[in-house]
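Colleague: One structure, pasted below without further comment.
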Amino acid sequence: MPSGTLRTPAVPSSAPPPADGPPTGAAPPRVVARRPLGQWAAAAVVLVLLGLVLRSVAGNDAFRWDLVAAYFLTTPVLNGLLLTLGLTAAVLVLGFALGTLLATMRLAANPVLRGVSAGYIWLFRSVPILVQLLFWFNIGALYPTLLGVRTVHLLAPPVIAVLGLTLHEAAYAAEVVRAGILSVDRGQTEAAQSLGLGRWRRLRRIVLPQAMRSIVPPAGNMLIGTLKGTSVVSMIAVNDLLYSVQLIYHRTYQVIPMLMVATVWYVIITSLLSVGQHYVERRYARGTAGAR
Amino acid sequence: MSPQPAMVEVRAVHKSFGPLDVLKGVDLRVAAGEVTVVIGPSGSGKSTLLRTLNHLEKVDSGTVAVDGTLIGYRRSGDRLYELREREILRQRTRIGFVFQDFHLFPHLTVVENLTEAPVSALGRSRKAATATALALLDRVGLADKADAYPRQLSGGQQQRVAIARALALEPKLLLFDEPTSALDPELVGEVLDVIKDLARRGTTMIVVTHEIGFAREVADTVVFMADGRIVEQGPPGQLLDAPREARTRAFLAKVL
Ligand SMILES: Nc1ncnc2c1ncn2[C@@H]1O[C@H](COP(=O)(O)OP(=O)(O)OP(=O)(O)O)[C@@H](O)[C@H]1O
Ligand SMILES: [Mg+2]
């Protein structure tokens with residue numbers, strides 16, 4: 001515990017010394033906080049190291065900050081960014097829709113529904129997302145035609161990106177939603193049942209809104225993870241943010257500056273999402289103590 | 001026996017949770033317009049009995065009928081088939097249930113708590129449901145709390161909202177499971193007053209409670225349950241003051 005949190009008792013100077021205390025003369029003894037010299041020494045070392053790193057970054061011309069600035073708002077980069085954002089939004093919405101379905105199946109009384117859901121979650125959490133994407137990318141080897149159409153035409157890379165990321169996301173979303181549903185008092189469901197509310201209505205109007213309080217924080221983490229995770233689709237030639245800067249540096253050989261362009265964009269969007277999460281959490285705290 | 005038609009007919013209901021027999025053959029008849037108070041020691045099956053009346057709990061055998069309709073099951077020959085959820089939900093809209101811990105919906109305002117079921121289960125318009133809700137809130141003395149959230153209310157106020165919520169469906173029968181047990185002593189009276197008012201209006205009610213004074217004042221019939229059976233029942237004057245069974249006497253000696 002840092003000694004800064006140690007409270008000095010507010011003893012009025014006129015107060016008499018405690019009867020059982022040692023003889024003190026006129027004034028009661030003052031409290032002097034211990035100085036954590038070791039921590040300050042460590043902090044100084046960290047600051048020096050940080051300064052050295054910053055100086056080398058700023059002073060290293062290979063970063064080519066001029067190029068970073070020049071490419072930051074170019075059309076290919078912005079198009080890539082747009083695709084990354086669209087992909088993230090689609091995967092989040094579809095992933096949580098499928099995840100909610102899986103969560104309700106997992107909580108159903110029917111053992112087949114429970115088993116199927118548990119099996120799905122187990123499988124899609126066990127296989128790395130990159131492996132899953134490459135699998136869908138090559139699904140044509142297993143099924144050359146689907147629905148009478150050549151698989152490669154039906155499953156273009158962007159479709160595979162949405163499909164693959166969604167199936168993966170849903171497995172995680174299912175567990176988040178399930179934990180959220182379980183966090184809602186069983187009495188809420190019973191009250192809704194005794195009022196004649198149907199299964200779907202109970203879930204949508206009563207249980208899920210309350211579950212959101214425990215769903216939003218991990219879902220926010222997942223969203224940020226998904227945003228960054230979409231960069232794996234550059235492996236299957238989908239023109240996302242990372243792929244579009246890769247296209248540029250394959251041409252110009254300016255690898256580091258172009259990676260910095262993508263990095264700065266990822267950091268900006270992630271920061272905005274964190275702020276947004278704060279407001280969403282506030283909204284779902286409605287009706288709880290201290291919130292309005 | 002009352003000349004009134006039976007609002008509730010419970011016949012030979014058995015219910016067990018795994019190896020534990022909780023209801024061991026319960027018969028109960030409640031006439032329309034009457035107030036029945038159920039008392040008995042903890043674990044005797046009072047809540048379980050009440051919950052079978054709106055099929056929150058399934059029975060193992062026996063029948064429960066409310067207003068002449070079997071609850072939760074359909075009879076065919078000598079078999080009872082459980083109804084589909086839709087039909088059970090429709091039956092429940094005719095039976096109000098008030099829980100010990102209120103179970104208000106914390107994310108909805110008071111008036112939204114009252115309009116949710118009429119709108120979604122009975123298909124009322126939101127406008128009509130809101131008008132009814134405000135009238136009911138006025139009746140339980142909470143007209144000014146319509147837009148508050150449940151957690152901003154005292155326990156007694158929350159339970160009065162819960163009663164109004166049950167009334168919003170205009171049920172034929174009201175079930176109360178220890179409606180004042182979660183309340184601070186000084187808040188018990190305001191909730192009992194609301195229930196007494198309902199009794200005066202001729203609402204058919206079954207109330208599980210430990211408030212013997214309330215039973216004496218309001219009940220038409222007091223039922224004493226112990227160990228999964230109805231040991232004894234009768235008008236409050238008889239059951240509370242001159243119980244026939246030794247177990248009733250022993251219980252009353254402890255709680256009075
Ligand atoms: N869902 C359940 N699963 C297993 N046992 C249960 C369940 N519900 C109730 N019981 C048991 O059944 C018995 C009767 O419970 P019940 O709640 O009906 O008693 P009660 O008379 O209402 O008691 P109290 O006055 O404490 O509320 C108790 O032993 C209880 O532990
Ligand atoms: Mg009980």
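Colleague: Looking at (1) within 16 Å of ligand 2 (Cβ to nearest atom); (2) touching a residue at least 40 places away in the same chain (Cβ under 8 Å); (3) assigned to a loop (DSSP other than H, G, I, E, B), which is the one condition that is false for B:L183?
Modeller: Looking at each condition in turn, B:L183 falls short on (2).
Let's see how each residue does on (1) in a loop (DSSP other than H, G, I, E, B); (2) at negative phi; (3) among the acidic types (D, E):
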residue	(1), (2), (3)
B:L192	no, yes, no
B:K196	no, yes, no
B:V207	no, yes, no
B:E217	no, yes, yes
B:M225	no, yes, no
B:Q238	no, yes, no
B:R244	yes, yes, no
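Colleague: Separate question: Name the residues in region B:87-105 that are at the interface with another protein chain (Cβ under 7 Å from one of its Cβ atoms) and either farther than 17 Å from B:A166 by Cβ or assigned to a helix (DSSP H, G or I) (or both), would you?
Modeller: Answer for region B:87-105, where residues must be at the interface with another protein chain (Cβ under 7 Å from one of its Cβ atoms) and either farther than 17 Å from B:A166 by Cβ or assigned to a helix (DSSP H, G or I) (or both): B:L89, B:R90, B:R92.
Colleague: Quick one: which helices (runs of 4 or more DSSP H) sit completely within region A:113-201 and have at least 1 residues that are within 14 Å of chain B (Cβ to nearest Cβ)?
Modeller: A:157-182, A:186-194
Colleague: Starting from residues that are open to solvent by 30 Å² or more (accessible area, probe 1.4 Å) and polar (S, T, N, Q), keep the ones in region A:101-122 and report whichever is farthest from A:T166 (Cα to Cα).
Modeller: The qualifying residue farthest from A:T166 (Cα to Cα) is A:N110.
Colleague: When residues of region B:193-235 are filtered for being within 13 Å of ligand 1 (Cβ to nearest atom) and free of Cβ contacts under 8 Å to residues at least 12 places away in the same chain, how many remain?
Modeller: Residues meeting the conditions: 0.
Colleague: Quick one: B:E116 ticks every box in (1) more than 21 Å from the chain's Cα centre (by Cα); (2) within 8 Å of another protein chain (Cβ to nearest Cβ); (3) in a helix (DSSP H, G or I); (4) modelled with pLDDT of 95 or more except a single one, so which number is it?
Modeller: Only one criterion is unmet by B:E116, namely (1).
Colleague: So which of A:M222, A:M235, A:M212 ends up being assigned to a helix (DSSP H, G or I), at the interface with chain B (Cβ under 10 Å from one of its Cβ atoms) and not charged (D, E, K, R)?
Modeller: Unique residue meeting the criteria: A:M212.
Colleague: Please specify each residue of region B:211-231 satisfying the condition of being open to solvent by 10 Å² or more (accessible area, probe 1.4 Å) and closer than 25 Å to B:S16 by Cβ.
Modeller: B:D227, B:R229, B:I230, B:V231, listed by residue number.
Colleague: Quick one: which of B:V22, B:V35 is surrounded by 12 or more Cβ atoms within 10 Å (Cβ to Cβ), of a type in the set (V, I, T) and within 16 Å of ligand 1 (Cβ to nearest atom)?
Modeller: Sole residue among the options that is surrounded by 12 or more Cβ atoms within 10 Å (Cβ to Cβ), of a type in the set (V, I, T) and within 16 Å of ligand 1 (Cβ to nearest atom): B:V22.
Colleague: Just to check your reading of the model, which residue among B:G68, B:G43, B:G62 is within 16 Å of ligand 2 (Cβ to nearest atom) and on the phi > 0 side of the Ramachandran plot?
Modeller: On inspection, the qualifying residue turns out to be B:G43.
The values are calculated or read from the model by the stated rules, or taken from the named source; none is laboratory data. Worth saying up front: this structure is predicted, and the values here are computed from it rather than measured. Here Cβ is always computed from backbone atoms with ideal geometry, including for glycine, and neighbour counts include all displayed protein chains. Surface accessibility is based on the protein's heavy atoms, side chains included, excluding ligands, DNA and RNA. Shrake-Rupley method; radii C 1.70, N 1.55, O 1.52, S 1.80 Å.
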